[in-house]
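The values are calculated or read from the model by the stated rules, or taken from the named source; none is laboratory data. From a predicted model like this one, the values you see are computed outputs, not experimental measurements. All Cβ positions, even for glycine, are placed from backbone atoms using ideal geometry, and neighbour counts span all protein chains on display. Ligands, DNA and RNA are excluded from the accessible area calculation, which covers all protein heavy atoms including side chains. Shrake-Rupley method; radii C 1.70, N 1.55, O 1.52, S 1.80 Å.
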Amino acid sequence: MSGHTDMVLVDEKGMRIDGRTAEQHRPIKIEAGVLNNADGSAYVEIGKNKVLAAVYGPRECHPRHLQDPTKAIVQCKYNMQAFSVSDRKRPGPDRRSIEISKIISEALEKVVLTELYPRASIDVYIEILQANAGTRCAGLTAASVALADAGIPMRDIVPAIAAGKADGHVLLDLNKEEDNFGQADVPIAIVPSTDEIVLLQMDGNMTREEFDHAIEMAVGACHEVYDLQKDALKRRYSKVQKEVSGDEQ
Ligand code: CDP
């Protein structure tokens, strides 16, 4: 987010470097139930981001001092693989991944019916296999599909996407160049049934009008992501149904 670049990010026709208009998100692919050994899982691609989420639980909470006698806790671990970025990322947790794990856990706790499982932990693992800006949103989008795939009772599923500003334009779903050389990045996640915002961050600067426009675009796009999440779950369950009825080997 330097805000200074000679690179043209949006041309005079309003076209972005990857051929999108300001209001278009990158192509999105969502698959539910991609891992056999986790209770639930999902794989998400958004543009060049590739993200895997796996869920275990509800299960006994470790470390035990984190147990809450009134409800379950959602413990998310966001991890960027060393090979996910062009400069090898030093493996292991760092400030950024601890922060992202925390905000994703908090967003998911808003929808999971945690009160049903006192003292338990619902563990969510997010692995970033390939990163190109927007990984926290892709991770949260994948995690909520993985939770639903695990059969965890939830009020709703959470879609997430970022909006931002680059070359003076408010843009949906920034790619790496726009994120690096743009002026603002605003990741957002919502509960679609109520439009409640459960994650909102902002890096950089924009005017109040630009911010309102960014939020409006991102909330609209979250509803599109939501449709793709539901579609992935429906495909997953029609496959399970076929397996159970013996139509598919
Ligand atoms: O990925 P997200 O946009 O949620 O988070 P960010 O902190 O704004 O990071 C933006 C992008 O910078 C990531 O998606 C990666 O492509 C890149 N990055 C990197 O190359 N090396 C890191 N250690 C962290 C991020």
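Taking amide H atoms as placed 1.01 Å from N in the peptide plane, the amide H of Gly182 lies under 5 Å from those of Ser2, Gly3, each 5 or more residues away in sequence or on another chain. Each residue of the range 87-103 was assigned a 3J(HN,Hα) from its phi angle through the Karplus curve 6.51 cos²θ - 1.76 cosθ + 1.60 (θ = phi - 60°); the sequence is 8, 3, 8, 4, x, x, x, 9, 3, 5, 6, 5, 5, 5, 4, 5, 5 Hz, with glycine and proline shown as x. Taking the longest Cα principal axis of the chain as reference, the axis of helix 208-245 is set at about 40 degrees.
Ranked by solvent-accessible area (1.4 Å probe, protein heavy atoms only, all chains present), the residues Thr141, Thr194, Thr21 order from largest to smallest as Thr194, Thr21, Thr141. Close amide-amide hydrogen proximity is noted between Gly40 and Val55, each under 5 Å apart and 5 or more residues distant or on a separate chain (H modeled in the peptide plane; Pro and chain starts excluded). For Ser245 and Gln81, the difference between the fully extended length at 0.36 nm per residue and the C-alpha to C-alpha distance is 55.2 nm. Farthest toward the positive end of the dipole of the chain, out of Pro63, Gly220, His25, is the Cα of Pro63, where the dipole comes from beta carbon charges about the Cα centre. Backbone geometry of the range 57-65 corresponds, through the Karplus equation with coefficients 6.51, -1.76 and 1.60 at θ = phi - 60°, to 3J(HN,Hα) couplings of x, x, 9, 4, 7, 10, x, 4, 5 Hz, x marking Gly and Pro.
The distance from the alpha carbon centre of the range 125-172 to that of the range 1-45 is 11 Å, rounded to a whole number.
Toward the positive end of the charge dipole of the range 101-209, with +1 on the Cβ of Lys and Arg and -1 on the Cβ of Asp and Glu, the farthest Cα among Thr141, Ile152, Gly204 is that of Ile152. I need to check one value: relative contact order of the range 108-228, counting alpha carbon pairs closer than 8 Å and at least 6 residues apart, in percent. 24 percent.
Taking the protein heavy atoms of the range 193-249 in the context of the full set of protein chains, the accessible area attributed to carbon and sulfur is 49 percent at 1.4 Å. By the equivalent-ellipsoid construction on the alpha carbon gyration tensor, the chain comes out with semi-axes of 31, 20, 18 Å, ordered largest to smallest. Pair-distance distribution of the range 158-229: all C-alpha pairs, bin width 10 Å, starting at 0; shares per bin in whole percent are 23, 53, 22, 2. Using the Cβ of Val191 as centre and a radius below 10 Å, the other residues enclosed give a net charge of -1, where K and R count +1 and D and E count -1.
Magnitude of the charge dipole for the chain, about its Cα centre and with charges confined to Cβ atoms of Lys, Arg (+1) and Asp, Glu (-1), is about 880 debye.
Once the C-beta distance of His223 and Lys48 is scaled by a Förster radius of 22 Å, the resulting FRET efficiency is 0.40 to the nearest 0.05.
For the chain, the solvent-accessible area works out to 50 Å² per residue, with a probe of 1.4 Å and every protein chain left in place. Rounded to the nearest whole Hz, the Karplus-based 3J(HN,Hα) values (6.51 cos²θ - 1.76 cosθ + 1.60, θ = phi - 60°) of the range 68-77 follow the sequence 10, x, 9, 6, 7, 10, 9, 10, 9, 10, with x at glycine and proline. Put simply, the range 91-165 fits an ellipsoid with semi-axes of 23, 15, 11 Å; these come from the alpha carbon gyration tensor as the roots of five times its eigenvalues, largest first.
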